[in-house]
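Worksheet for the structure shown next.
The values are calculated or read from the model by the stated rules, or taken from the named source; none is laboratory data. The structure presented is a predicted model; accordingly, all values stated were derived computationally and were not measured. Here Cβ is always computed from backbone atoms with ideal geometry, including for glycine, and neighbour counts include all displayed protein chains.
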Amino acid sequence: MQDQVGVETALKAVRSGDNPKVSGLEKQFADLQDKYRSLEERLSKVEKTDGAKGRKK
């Protein structure tokens, strides 16, 4: 029963944004998503050119 109360308290903290660890992880996750999108865009640009010579395919 005590475990259930602990889980419910933790879920409330997560849902309300009161847990700094969760908030920090969410920020790290958002930063990694931004970096991933940036790398995808760069890869897309490189794929459109012919290697290091920079010629269009």
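Identify all residues within the stretch 23-41 that are within 21 Å of Leu11 (Cα to Cα) and under 8 Å from the mean Cα position of the chain (by Cα); write none if there are none.
If we filter the stretch 23-41 for residues that are within 21 Å of Leu11 (Cα to Cα), which is where we start, we get 23-30.
Answer for the stretch 23-41, where residues must be within 21 Å of Leu11 (Cα to Cα) and under 8 Å from the mean Cα position of the chain (by Cα): Glu26, Lys27, Gln28, Phe29, Ala30.
Please find, within the stretch 1-34, the residue that is modelled with the lowest pLDDT out of those that are basic (Lys, Arg) and surrounded by 10 or more Cβ atoms within 10 Å (Cβ to Cβ). Write out each step before concluding.
Taking the stretch 1-34 and keeping what is basic (Lys, Arg), we get 12, 15, 21, 27.
Keeping just the survivors that are surrounded by 10 or more Cβ atoms within 10 Å (Cβ to Cβ) gives 12, 15, 27.
Numbers: Lys12: 77, Arg15: 74, Lys27: 85.
Result: Arg15.
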